[in-house]
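See below for the structure under consideration.
FYI, it's all coordinate maths here, none of it is from the lab. Because the structure is a prediction, the values reported are computed rather than measured. A quick note on method: Cβ atoms are made from the backbone with ideal geometry, for glycine too, and the neighbour counts reach across all protein chains shown.
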Amino acid sequence: MHLHRKVAGALLFFSAATQGGLAYSTALATMFATTARLDPQLSTRGRKTVQAGAALFLLSDTLLGVREFVLRRESPALERAVMATYTAGQGLIAAGSAHLATQATQP
């Protein structure tokens with residue numbers, strides 16, 4: 001099964017819980033889908049880095065949804081996983097964007 005289908009399933013589950021979840025899930029899905037459609041003429045390294053970051057960011061929020069709507073309790077291990085995926089995702093998005101910006105400014 002493709003990653004996009006798995007992500008869509010997780011988002012549908014998360015969004016079914018609340019209307020706010022639907023709006024936020026739509027924003028996350030749009031962000032993730034957008035990274036898959038980056039211009040192929042851009043650096044492969046930069047695109048793949050941004051895509052990996054977006055996937056980890058999406059995973060962190062999916063884990064938050066699982067904690068909030070499925071487990072309904074605190075879990076130290078889950079909290080660590082959320083922070084690890086969130087931090088890594090943001091770092092990869094920033095690194096990939098910086099790489100692509102550097103590429104765009106070079107002749």
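Couple of notes before you dig in:
- Gain in span if fully extended, residue 98 to residue 72, counting 0.36 nm per residue against the direct Cα distance: 5.6 nm
- The phi-based Karplus calculation (6.51 cos²θ - 1.76 cosθ + 1.60; θ = phi - 60°) puts the 3J(HN,Hα) values of region 43-50 at 3, 4, 4, x, 4, 5, 5, 5 Hz, whole numbers, x for Gly and Pro.
- Annotation: amide H-H contacts under 5 Å for residue 38 (H modelled 1.01 Å from N, sequence separation of 5 or more, or interchain): none.
- Charge dipole (region 20-107, unit charges on Cβ, about Cα centre) - positive-most of 63, 38, 75: 38
- Spin-label pair residue 38-residue 26: with each label point 7 Å from Cα along the Cα-Cβ axis, the two points sit 2.6 nm from one another.
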